[in-house]
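Right, one structure below, let's go through it.
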């Protein structure tokens with residue numbers, strides 16, 4: 001029997017459809033780096049390599065400076081993009097993974113446990129998609145089931161009890177929509193998770209590292225600070241799903257992506273998120289060390305700031321943050337104080353209310369007039 005060994009090149013790059021020119025240039029660089037070319041052993045032309053690399057950098061800068069929302073979505077879903085496990089393994093020490101919701105079972109699509117970050121004990125939670133086909137199937141492509149949310153609720157309450165800050169990495173297309181998940185109370189589990197996040201007395205940070213899809217993401221992103229990587233997305237539904245519902249055509253995902261305002265830049269402008277972490281040129285997958293450093297610096301800065309606040313300040317800040325979303329042009333008379341929310345009535349309502357007084361008065365006068373004519 002003949003056995004074949006198949007080796008996978010872990011450094012193999014995957015290119016998106018708008019990166020074809022970059023792919024050609026980098027293929028040329030690889031040929032230049034190989035001294036064993038078609039002409040036999042030759043000297044490596046370092047000058048030519050440097051010139052070509054400069055062309056690659058310029059091309060990437062040009063492409064990534066004008067990405068449309070759908071292209072950003074493709075970058076956010078890039079298969080080589082750093083996942084939650086990568087950040088947990090490299091940013092935290094003494095990580096102890098905890099499993100199970102104490103009701104049904106374990107959900108492998110979410111990693112959770114206690115660890116040390118910059119010398120501080122934290123609870124770290126990460127929605128994990130997996131790195132290859134086998135692990136993606138095992139992790140259910142990052143789509144959490146009810147037991148996953150109930151596990152995180154259990155651990156968040158434990159962290160709250162012992163005054164331990166919580167850091168979450170969000171990366172999911174959405175909560176798992178399977179029959180079994182619905183039977184076990186998917187919607188209720190998500191709602192309970194959001195409720196738990198809002199009631200916590202400890203500092204909470206959420207970093208959207210890839211896709212932040214629907215309630216499956218907000219269940220872990222109801223935090224004091226919501227941070228996004230530059231090329232991540234955060235939306236109520238996928239662009240394809242939105243296009244299918246609105247236009248009955250999933251191919252209109254570009255129109256849907258533009259309308260949904262799902263990019264980090266749009267969401268920061270709308271004050272849905274608090275901060276954008278810049279990515280290396282060409283996306284987070286091109287320089288993992290740099291994106292790791294950027295995320296680390298952001299977490300240290302935000303965590304130090306939140307640790308100086310009391311539990312009451314933390315709860316009120318979180319509550320006010322979410323109350324302010326979408327109310328810049330709404331019914332708040334004082335934008336700095338969400339409690340100034342008032343009911344604003346339209347002119348039509350005022351007319352109706354005035355008629356409610358005028359009409360009975362007119363009817364009463366007519367009755368009095370009729371009685372006067374009859375008896376006098």
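The values are calculated or read from the model by the stated rules, or taken from the named source; none is laboratory data. Nothing here was measured: the structure is a model prediction, and the numbers come from that model. Heads up, the Cβs are rebuilt from the backbone with ideal geometry, glycines too, and the neighbour counts pull from every protein chain shown.
Just a few scattered comments:
- Set 84, 112: member being touching a residue at least 60 places away in the same chain (Cβ under 8 Å), surrounded by 19 or more Cβ atoms within 10 Å (Cβ to Cβ) and farther than 26 Å from residue 26 by Cβ: 84
- Of all residues in the stretch 65-81, those being surrounded by fewer than 22 Cβ atoms within 10 Å (Cβ to Cβ) and either part of a helix (DSSP H, G or I) or at pLDDT 95 or above (or both) number 3.
- Checking each residue in the stretch 292-311 for being surrounded by fewer than 16 Cβ atoms within 10 Å (Cβ to Cβ) and without any contact (Cβ under 8 Å) to a residue 60 or more places away in the chain picks out 293, 297, 301, 304, 305, 308, 310.
- Every residue from the stretch 218-256 that is out of contact with any helix residue (DSSP H, G or I) (no Cβ under 7 Å at 6 or more places or on another chain), part of a loop (DSSP other than H, G, I, E, B) and under 25 Å from residue 309 (Cβ atoms): 221
- Verdict on residue 267 being surrounded by fewer than 17 Cβ atoms within 10 Å (Cβ to Cβ), modelled with pLDDT under 95 and in a helix (DSSP H, G or I): no
- Residue match in the stretch 159-180 (condition: in contact with a strand residue (DSSP E or B) (Cβ under 6 Å, 6 or more places away or on another chain), assigned to a helix (DSSP H, G or I) and farther than 22 Å from residue 276 by Cα): yes
Condition check ((1) buried (at least 21 other Cβ atoms within 10 Å of the Cβ); (2) at pLDDT 95 or above) across all residues:
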site	(1), (2)
152	yes, yes
158	no, yes
161	no, yes
166	yes, yes
170	yes, yes
173	yes, no
176	yes, no
185	no, no
192	no, yes
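- Test: residue in the stretch 60-82 that is in contact with a strand residue (DSSP E or B) (Cβ under 7 Å, 6 or more places away or on another chain) and over 30 Å from residue 177 (Cα atoms): no
- Hey, residue 94 under 30 Å from residue 189 (Cβ atoms) and either at pLDDT 95 or above or loosely packed, with under 15 Cβ neighbours inside 10 Å (or both) or not: yes
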